[in-house]
Amino acid sequence: MIETVMKPDWRRVKFGDVVRLSKARSQDPLADGYERYVGLEHLEPGDLRIRSWGNVADGVTFTSVFRPGQVMFGKRRAYQRKVAVADFAGVCSGDIYVLETKDAQVLLPELLPFICQTDTFFDRAVGTSAGSLSPRTNWTSLAGFEFALPSKDEQLEIIKLLSLFDHQVEQYSDALVELNQLKASLTQAEFVDSDVPPVPLSQLCIKSGIQIGPFGAQLHSYDYVVDGIPVVMPADMANGKIVLDRIARVSETKASELKQHKVRQADILLPRRGELDRRAWVSEAEEGWLCGTGSIRIRVADNINPRAVFYALSMPTTVAWLKANAVGTTMPNLNSKIVASIPVNLPRVERLDDVVNALDGLDFSGRELISRQQAASALRAQLLNRLWEK
């Protein structure tokens with residue numbers, strides 16, 4: 001309905017005719033009263049809110065000034081799709097354009113960030129970027145970007161509709177934060193603060209229960225095929241599960257050669273290097289898949305609750321311990337000896353099953369919230385791009 005009713009009354013304009021690039025600067029931000037700074041690392045793709053920042057008092061060379069309501073667009077590596085609306089004043093990186101509408105009666109300021117999130121706008125930004133390592137777009141190219149501008153009344157209607165989606169997504173985000181806080185409080189009370197003394201992980205595992213994935217000499221790049229047995233790498237571990245988005249596969253023949261690396265239901269997978277906070281639980285459907293190069297398989301004893309061990313290994317305190325005990329400077333690495341020595345705290349026996357069931361319930365609720373949030377975000381993006389489709 002929006003597409004057929006609104007679009008006939010829209011007119012073509014150039015971005016630079018209705019949007020201004022702010023040139024406000026501060027050579028001494030602290031003296032000028034600015035307390036916070038924002039770099040590209042503080043902008044999250046697809047999120048219009050600025051949720052993190054740095055403190056000017058800690059030292060910063062940024063001089064570009066931004067104010068509440070202005071739109072911040074990451075011009076370096078524009079394919080990362082970083083756009084945000086400032087809700088406080090500060091200074092930002094020179095790799096961030098600070099944008100504002102020239103005339104609020106022509107283009108409502110609240111509509112500008114949505115236009116900057118469209119595929120057509122990003123196509124322009126990415127297509128006009130120059131440089132190989134850190135491609136950057138320039139203002140002249142963005143100013144020449146043409147788009148359809150609705151009437152003011154139609155702009156208000158679009159803002160209202162898209163804001164409803166944003167509010168819904170934000171509610172899911174807030175619920176996830178509260179859920180994770182509850183989970184953190186529960187694990188802290190039942191695992192970290194437990195009066196049960198910690199034991200090395202090896203004492204909770206079967207013989208050879210801690211196994212490093214196959215080495216490079218056993219698994220080569222030419223062994224991977226389009227269809228076959230999945231091989232779980234650290235990149236395939238997310239939110240405690242195995243994700244199939246880009247998982248590698250090998251033939252059944254190759255998998256048979258590496259049968260000692262096949263995983264079973266209730267195995268726990270950790271990364272061997274890199275992002276040591278990744279974890280994955282092996283479900284019944286994933287039994288028979290392979291623990292990949294760069295991954296570590298953990299198999300606990302039959303008399304130990306494997307989910308309890310999984311939650312213990314997923315705790316921030318365990319991640320911190322691994323980072324402190326990993327070897328290597330450029331990229332931290334783990335080996336079977338280090339993993340076997342992980343101190344594991346478990347809840348008291350009489351409370352263990354109840355605690356695990358509670359955590360499983362929170363995990364299920366978290367996955368449901370994430371699924372609904374992703375669905376709402378996808379629908380919002382679809383609507384946004386249909387409004388300004390090519």
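Please treat every number below as a calculation from the coordinates, not as lab data. Bear in mind the structure is a predicted one, so any value in this text is a computation, not a measurement. Neighbour counts are summed over all protein chains in view; Cβ atoms, including those assigned to glycine, are modelled from backbone coordinates with ideal geometry.
Tabulated values for the structure
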{"read-out": "Radius 12 Å from Cβ of THR317, net charge of other residues (Lys, Arg +1; Asp, Glu -1)", "value": "-1"}
{"read-out": "Distance between modelled label sites at ALA285 and ALA175, nm, 7 Å Cα→Cβ extension", "value": "2.2"}
{"read-out": "Which of SER141, VAL355, MET233, positive extreme of dipole for the chain (C-beta unit charges)", "value": "SER141"}
{"read-out": "Region 1-108 shape via C-alpha gyration tensor axes, a/c threshold 1.5", "value": "prolate"}
{"read-out": "Residue of GLY131, GLY39, GLY69 that the Gaussian network model of the chain assigns the largest fluctuation, springs spanning Cα pairs under 10 Å", "value": "GLY131"}
{"read-out": "When region 208-286 is reduced to its Cα atoms, the Kirkwood hydrodynamic radius in Å", "value": "13.1"}
{"read-out": "Under 16 Å from LYS152, Cα to Cα: lysines that are on another chain or at least 8 residues apart", "value": "LYS7, LYS102, LYS160"}
{"read-out": "Mean Cβ neighbour count within 10 Å, used as a protection proxy, ranking 90-97, 159-166 highest first", "value": "90-97, 159-166"}
{"read-out": "Cα gyration tensor shape for region 303-379, rounded if a/c is under 1.5, else prolate or oblate", "value": "oblate"}
{"read-out": "Region 111-157: Rg to Rh, with Rh as the Kirkwood radius over Cα pairs", "value": "1.08"}
{"read-out": "Counted charge near PRO45, where neighbours are those whose Cβ lies closer than 9 Å (Asp, Glu -1; Lys, Arg +1)", "value": "0"}
{"read-out": "The chain: radius of gyration over Cα atoms, expressed as a fraction of 2.2 N^0.38 Å", "value": "1.20"}
{"read-out": "Stokes-Einstein diffusion coefficient of region 174-248, Kirkwood radius over Cα pairs, 25 °C, 0.890 mPa s, in µm²/s", "value": "148"}
{"read-out": "Estimated distance in nm for a label pair at ALA324 and SER132, the labels positioned 7 Å out from Cα along Cα-to-Cβ", "value": "4.4"}
{"read-out": "Compactness relative to 2.2 N^0.38 Å, alpha carbon Rg of region 238-390", "value": "1.25"}
{"read-out": "Calculated FRET value between ASN239 and ASP123, using beta carbons and R₀ = 41 Å, to 0.05", "value": "0.85"}
{"read-out": "Local net charge near SER202, Cβ-Cβ under 12 Å (Lys/Arg +1, Asp/Glu -1)", "value": "+3"}
{"read-out": "Relative contact order %, region 99-156, counting alpha carbon pairs below 8 Å whose residues are six or more apart", "value": "36"}
{"read-out": "Phi-based couplings in Hz for region 220-227 (Karplus 6.51, -1.76, 1.60; Gly and Pro marked x)", "value": "9, 4, 6, 7, 7, 10, 6, 10"}
{"read-out": "Given charges at beta-carbon only (K, R positive; D, E negative), |dipole| of region 1-130 in Debye", "value": "420"}
{"read-out": "Where only alpha carbons of region 121-213 are counted, the Rg and the Dmax (Å)", "value": "26.3, 71"}
{"read-out": "Student exercise, the chain dipole from Lys, Arg, Asp, Glu Cβ charges, in Debye to nearest 20", "value": "1160"}
{"read-out": "Inter-site label distance for ASP354 and GLU157 at 7 Å from Cα along Cβ, in nm", "value": "5.7"}
